[in-house]
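What follows is calculated from the coordinates using simple rules that are stated; it is not laboratory data. All values reported here derive from a predicted model rather than from experimental measurement. All Cβ positions, even for glycine, are placed from backbone atoms using ideal geometry, and neighbour counts span all protein chains on display.
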Amino acid sequence: MTFPIHRPRRLRRSEALRGFVRETRLSTEGFVYPMFACPGKGVRNEVSSMPGIYQQSADRIVEECREVADLGIPAVILFGLPEHKDETGSEAADPNAAVQRSIDAIRKAKLNLLVITDVCLCEYTSHGHCGVLDAAGVVQNDPSIALLADAALSHARAGADIVAPSDMMDGRVAAIRSRLDANNFQEVAILSYAAKYCSAFYGPFREAAQSAPQSGDRRSYQMDPANAREALREVEFDIEEGADIIMVKPALPYLDIIRRARERFDVPVAAYNVSAEFSMVKAAAQKGWIDEQRITLEILTGIQRAGASIILTYHAKDAARWLKHC
Ligand code: PBG
């Protein structure tokens, strides 16, 4: 007989009480804002399927980074668009490529911002796959991880704080760790996209990063959306190989994976609230079908409540502004 002794509504009577007993306190401190760096100067092109998100040259990236830091967002993650694509994605490790130049510019501006870099080949390869291909068009694991380690090292040299491999090749975390250590970058951390699913939710990103595979798909390296136990195994391997932070991606259809990773492992858990998750909210908001602010904050709260203390999200700037005025 709990009622009438127990009345859960007692603690919901006012915002003061609700705030007092709130279990999840969404904060900008865990946000990471994704940005797309392109070659050139003075370039700022909006991505048509992602309102408010731009492909930008290094000089413009720094300007927006200033705004990001002023909003109290602690970190950005940089993706790069190359000048030229080739079979091996060689521009991924070029010290003068857009990402490396952007890192350098952010460092020179002395912004209070952690710089994370996405480490992958898909934006840089002519075929759009995350690794190199053999004659039959199959993605080759071991030659690819050597190239990914080259890219990670060049990001570290440019001044990245954290490198984030998103390719899903086996053994890439170990390869990157040993390459960084051999070059005296022991302090550069690895955030691994450990449980990255083969998802249709990356569609708008592939327009932003011009990284859609030219043939086939990513099913031979990204995970099957139906698998949860396998995700935990992927996370375990990455931690054993030296990942400092692990990530689950996408976020919303995989909240169970975030929760299970949080319960099973003690490293920080990040989640990527990916491009289509963002675009769907923006599109519905533009049509006047939803309350964008409430929906966005509810989504981000849900991802944090599931167990992610770090959230990569295109909503970061909007959410930071709204949280200030909540
Ligand atoms: C690169 C990469 C992708 C995303 C992040 N890194 C795309 C993909 O794997 O095809 C997706 C991010 C998003 O959708 O916001 N491998």
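Taking a straight line from the alpha carbon of Lys41, these aspartates and glutamates sit under 17 Å away, with near neighbours fewer than eight places off in the same chain left out: Asp59, Glu63, Glu64, Glu83, Asp104.
Between Thr301 and Glu83, the modelled labels are 4.9 nm apart [label points 7 Å from Cα along Cα→Cβ]. In terms of other Cβ atoms within 10 Å, His155, His127, His325 run from fewest to most in the order His325, His127, His155.
Based on the mean of other beta carbon atoms within 10 Å per residue, what is the order of 57-63, 80-86, 135-141, 1-7, most packed first? Mind showing how you got there, number by number?
Working: 57-63: 20.1, 80-86: 17.9, 135-141: 12.4, 1-7: 7.1.
Top of the packing list down: 57-63, 80-86, 135-141, 1-7.
For region 138-297, the alpha carbon convex hull comes to 140 Å³ per residue, rounded to a whole number.
Using a 10 Å cut-off on Cβ atoms, rank the peptides 237-244, 91-98 from the highest mean neighbour count down. Please report the intermediate quantities before stating the final value.
Working: 237-244: 18.6, 91-98: 20.4.
The densest-packed peptide leads the list: 91-98, 237-244.
Backbone geometry of region 164-179 corresponds, through the Karplus equation with coefficients 6.51, -1.76 and 1.60 at θ = phi - 60°, to 3J(HN,Hα) couplings of 10, x, 10, 7, 6, 6, 6, x, 6, 5, 4, 5, 5, 4, 6, 5 Hz, x marking Gly and Pro.
Write down the percent of antiparallel bridges among all DSSP beta bridges whose residues are both part of region 41-200, to the nearest 5. Mind showing how you got there, number by number?
Numbers: 6 of 17 bridges.
Here the antiparallel bridges make up roughly 35 percent for region 41-200.
Ratio to report: Rg/Rh of the chain, with Cα atoms as the point set and Rh obtained by the Kirkwood method; give two decimals.
Values: Rg = 20.1 Å, Rh = 20.3 Å.
So for the chain, dividing Rg by the Kirkwood Rh gives 0.99.
Given the -39500 (n - 2.57) contribution per DSSP H run of 4+ residues, what per-residue ellipticity at 222 nm results for the chain, rounded to the nearest 500 deg cm²/dmol?
Numbers: 11 runs with 124 residues, N = 326.
Calculated from helices alone, the mean residue ellipticity at 222 nm is -11500 deg cm²/dmol.
Taking the highest mean first, how do the peptides 252-259, 221-228 order by number of other beta carbon atoms within 10 angstrom per residue? Each step should come with its number before you reach the end.
On the way: 252-259: 19.9, 221-228: 14.9.
Packing proxy ranking, top to bottom: 252-259, 221-228.
For Tyr197, the residues whose amide H sits under 5 Å from its own are Met223, Lys249, ignoring neighbours fewer than 5 places away on the same chain, with H placed 1.01 Å from N. Compared with the dominant Cα axis of the chain, that is its longest principal axis, helix 275-286 is turned about 50°. As a rough footprinting exposure proxy, the listed residues Val235, Val173 were ranked by other beta carbons within 10 Å of their own, and the order from fewest upward is Val235, Val173. Just to confirm a number: summing +1 for Lys and Arg and -1 for Asp and Glu over residues other than Pro82 whose beta-carbon lies under 11 angstrom from that of Pro82, what do you get? Result for the neighbourhood of Pro82: -4.
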